[in-house]
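A.B. asks: Here's a structure for you.
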Amino acid sequence: MHLFAEATMKFSLELYQKLRESKDNIFYSPISIMTALAMLQVGARGDTEKQIEEVLQFNEATKKTTEKSADCHDEKSENVHDQFQKLMTQLNKSNDAYDLKAANSIYGANSFPFIQEFLEDIKKFYQANVESLDFVHAAEESQKKINSWVESQTNGKIKDLFPSGSLDHNTILVLVNAVYFKGQWDEKFDENHTGEETFWLDKNTSKPVQMMKQSKKFNFNLLEDVQAKIVEIPYRGKELSMYVLLPNEIDGLEKLEEKLTSDKLIEWTSPQNMHMTDLHLSLPRFKVGEKYDLPGPLEHMGMVDAFMPQKADFSGMSSTQGLFVSNILHKSFVDVNEEGTEAAAATGVEITVTSALISEDFSCNHPFLFFIKQKKTNSILFFGRLSSP
């Protein structure tokens with residue numbers, strides 16, 4: 001597997017393990033958060049840079065690249081930012097089958113002396129819009145301008161990424177990434193087959209949901225070792241798919257989460273392990289919107305110095321001392337219905353089964369995991385847990 005894709009898979013799951021401790025439903029965009037952190041890394045030096053690299057899992061990828069230089073010739077000469085440049089190009093390719101875009105923007109304090117090379121690298125690798133704002137005299141107006149940009153890039157789905165008062169005269173730099181996706185299923189669910197059914201939150205609690213239904217061949221894998229199963233539901237054009245990971249038992253999700261690793265997820269979803277199988281698929285209609293303050297989870301993952309004024313080293317951005325990251329915010333939204341899926345997210349950084357004739361039942365009537373992956377880059381664009389539709 002492409003090492004960059006492996007890094008995104010590892011990051012997705014490591015962050016998930018930190019987020020799953022707190023909330024019921026979970027939904028975030030690993031690619032959005034990684035892009036914002038990678039832009040931050042352009043200006044980081046010393047231990048601060050190393051820690052961001054470790055959290056992004058690129059140190060592992062670099063090690064492997066060095067070890068297997070003969071096998072991975074294409075990545076050997078590239079740094080992380082080259083690979084993000086390729087990803088941005090891939091995500092923003094115009095497409096008739098679905099709507100997908102990733103946009104980056106950085107806003108610097110107009111009176112602050114940034115190193116020109118830092119701004120040029122951000123533009124070059126991240127196709128970022130670079131703007132100066134007056135945080136000292138017009139913090140509220142600046143915040144509104146940034147929020148308005150995010151809202152426009154996500155078709156109005158992500159509003160008020162930065163809440164009122166979150167930017168002030170001390171703000172030096174705001175890095176923002178927004179990802180938006182809207183796709184129709186390769187084969188839509190017939191609305192006439194959607195009806196009210198029971199969704200079990202746990203063994204004793206249930207609620208009524210609108211359950212969509214479809215019977216056809218899907219790419220499927222039965223995971224006997226973890227008592228679960230996984231299905232791939234392709235979007236039109238078949239370049240992106242939603243994967244649903246469903247435990248066999250109503251209360252089996254926690255056990256599944258504990259056993260979940262990036263290596264296993266790569267193995268379970270690899271083409272040689274998934275087979276076209278006749279399925280009766282039942283999937284609830286659902287909408288999830290979430291917001292996360294990320295400093296806590298990222299510190300637990302090893303990115304510590306960036307948030308400490310006395311330790312942070314952002315000398316690649318400016319020769320001015322004392323720069324540090326005050327907050328990293330992430331907001332996301334997903335809407336899954338008979339037509340397809342609409343999903344958006346934004347991150348702001350201030351500073352084996354044979355296909356027999358037997359038909360499998362795949363009823364998502366209890367908590368499950370789901371993620372949306374772009375097949376060409378193998379990148380996880382969105383990752384979530386549905387505990388309660």
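The values are calculated or read from the model by the stated rules, or taken from the named source; none is laboratory data. The shown structure was predicted, so the numbers you read here are calculated from the model rather than taken from an experiment. A quick note on method: Cβ atoms are made from the backbone with ideal geometry, for glycine too, and the neighbour counts reach across all protein chains shown.
A.B. asks: Just one of (1) out of contact with any helix residue (DSSP H, G or I) (no Cβ under 9 Å at 6 or more places or on another chain); (2) farther than 30 Å from G108 by Cβ trips up E257, so point out which.
C.D. replies: (1)
A.B. asks: Does F162 qualify as being assigned by TED's automatic domain parsing to the domain that holds V334, closer than 24 Å to A44 by Cβ and part of a helix (DSSP H, G or I)?
C.D. replies: no
A.B. asks: May I pose another question? Give me the residue from segment 351-374 that is surrounded by 14 or more Cβ atoms within 10 Å (Cβ to Cβ) and not in a strand (DSSP E or B) and, out of that set, modelled with the lowest pLDDT.
C.D. replies: Of everything passing the filter in segment 351-374, V353 is modelled with the lowest pLDDT.
A.B. asks: Further question: For E187, are the conditions met, namely being closer than 30 Å to A102 by Cβ and surrounded by 16 or more Cβ atoms within 10 Å (Cβ to Cβ)?
C.D. replies: Against the criterion (closer than 30 Å to A102 by Cβ and surrounded by 16 or more Cβ atoms within 10 Å (Cβ to Cβ)), E187 does not qualify.
A.B. asks: Spot the failing condition for S111; the list is (1) assigned to a loop (DSSP other than H, G, I, E, B); (2) at pLDDT 85 or above, and only one is missed.
C.D. replies: Every listed condition holds for S111 apart from (2).
A.B. asks: Next question, about the same structure. Of the residues D313, D278, D293, which single one is assigned by TED's automatic domain parsing to the domain that holds L173, at pLDDT 90 or above and among the acidic types (D, E)?
C.D. replies: Matching residue, one of D313, D278, D293: D313.
A.B. asks: While we're looking at this one, here's another question. Assuming S388 fulfils every condition listed in (1) under 28 Å from K264 (Cβ atoms); (2) in contact with a helix residue (DSSP H, G or I) (Cβ under 7 Å, 6 or more places away or on another chain); (3) surrounded by fewer than 21 Cβ atoms within 10 Å (Cβ to Cβ) apart from one, which condition is it?
C.D. replies: Unmet for S388, out of (1) under 28 Å from K264 (Cβ atoms); (2) in contact with a helix residue (DSSP H, G or I) (Cβ under 7 Å, 6 or more places away or on another chain); (3) surrounded by fewer than 21 Cβ atoms within 10 Å (Cβ to Cβ): (2).
A.B. asks: List every residue pair whose Cβ atoms sit under 6 Å apart, with the two residues 6 or more apart in sequence or on different chains, where the first one lies in segment 207-234 and is in the same structural domain as I372 (by TED's automatic domain parsing) and the second, anywhere, is assigned to a strand (DSSP E or B) and acidic (D, E).
C.D. replies: P208/E196; M211/E197; K217/D278; N219/E232
A.B. asks: When both residues are 6+ apart or on different chains and their Cβ atoms are under 9 Å apart, which pairs have a first residue that lies in segment 255-273 and is in the same structural domain as A228 (by TED's automatic domain parsing) and over 15 Å from H2 (Cα atoms), and a second that is modelled with pLDDT of 90 or more and of a type in the set (K, R)?
C.D. replies: From residues that are in the same structural domain as A228 (by TED's automatic domain parsing) and over 15 Å from H2 (Cα atoms), the pairs are E257/R385; T261/K10.
A.B. asks: For segment 129-151, which positions are under 22 Å from the mean Cα position of the chain (by Cα), at pLDDT 90 or above and either under 21 Å from M34 (Cα atoms) or outside any helix (DSSP H, G or I) (or both)?
C.D. replies: Listed by number, the residues that qualify are I146, N147, W149, V150, E151.
A.B. asks: If a residue has to be within 17 Å of S319 (Cβ to Cβ), among the small types (G, A, S) and exposed (fewer than 15 other Cβ atoms within 10 Å of the Cβ) to count, how many in segment 99-138 make the cut?
C.D. replies: Residues that pass the stated criteria total 1.
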